[in-house]
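Right, one structure below, let's go through it.
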Amino acid sequence: MIIMSMIGNLLRVTNAELNAYLEDSSLLENRIYHETDDSNLVDIDKTWEGIVFLLTGQRLTDADNPLLAVLFSGQLIDNDQDLGYGPAHYVTPEQVVQLNNEISKITKADLRQRFDPAKMIESGVYPNIWDESDETFEYLAGYFRVVQKIYSEAARKNEAIVTFIS
């Protein structure tokens, strides 16, 4: 039996690329699955729902917080396209700037305060590996820092961000 992992992905794109993907979502799929060495495409491993929890205090399915848009904006490239575990979400360059302004203020100490392994396990936050260890926290905080860097770079370059689970 093969157990699949749900890996979070962020892709920095120009506004023109975003518009092209909105017109023809197959272009996005081709880029993701057929281009190699795309430095604008970064995976955040299985931390996506843990990051949602750190940002909102809730699980993805329960989250009602503007910071949910960092990974799941609700703005879909193509509602019918499945990139592994559903369609891709996107944020516009303007939204990237707004979200970057919020998440750039979040420190590692802030994350530590928001990290609640017992609540994460009780809530079923994927991948349900949370414990009190520093290793688990560092895994999550390290990938949150990756998200911050992606947003910072996209904001600096006036880019949009596409997110998806594969």
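Any residue in region 33-56 that is outside any helix (DSSP H, G or I) and touching a Pro at 6+ places or on another chain (Cβ under 7 Å)?
Yes, the conditions are met somewhere in region 33-56.
Which one of these is at pLDDT 95 or above, under 30 Å from A118 (Cβ atoms) and of a type in the set (D, E): D45, D64, D24?
When all the criteria are applied, what remains is D45.
Against the conditions (1) on the phi > 0 side of the Ramachandran plot; (2) at pLDDT 95 or above, where does N128 fall short? Just the number, please.
(2)
Return the residue satisfying two criteria in turn: it lies in region 126-165 and is surrounded by fewer than 17 Cβ atoms within 10 Å (Cβ to Cβ), touching a residue at least 40 places away in the same chain (Cβ under 8 Å) and among the polar types (S, T, N, Q), and of such residues it is nearest to V13 (Cα to Cα).
Filtering first and then ranking leaves N158.
Keeping to region 89-138, report how many residues are part of a loop (DSSP other than H, G, I, E, B), within 20 Å of T163 (Cβ to Cβ) and polar (S, T, N, Q).
2
Kindly list the number of the only condition in (1) touching a Leu at 6+ places or on another chain (Cβ under 9 Å); (2) over 14 Å from F144 (Cβ atoms) that fails for I51.
Against the list (1) touching a Leu at 6+ places or on another chain (Cβ under 9 Å); (2) over 14 Å from F144 (Cβ atoms), I51 comes up short only on (2).
Check off (1) closer than 18 Å to I165 by Cα; (2) without any contact (Cβ under 8 Å) to a residue 24 or more places away in the chain; (3) surrounded by fewer than 18 Cβ atoms within 10 Å (Cβ to Cβ); (4) charged (D, E, K, R) for D78 and give me the number that stays unchecked.
(2)
Only one residue in L76, L71, L111, L60 is within 18 Å of A141 (Cα to Cα) and touching a His at 6+ places or on another chain (Cβ under 9 Å), so which one is that? Working first, answer last.
Working: L76 fails: within 18 Å of A141 (Cα to Cα); L111 fails: touching a His at 6+ places or on another chain (Cβ under 9 Å); L60 fails: touching a His at 6+ places or on another chain (Cβ under 9 Å).
Answer to the check: L71.
The values are calculated or read from the model by the stated rules, or taken from the named source; none is laboratory data. Values in this document were obtained by computation on a predicted structure and should not be read as measured data. Virtual Cβ from ideal backbone geometry, glycine too; neighbours counted across all protein chains shown.
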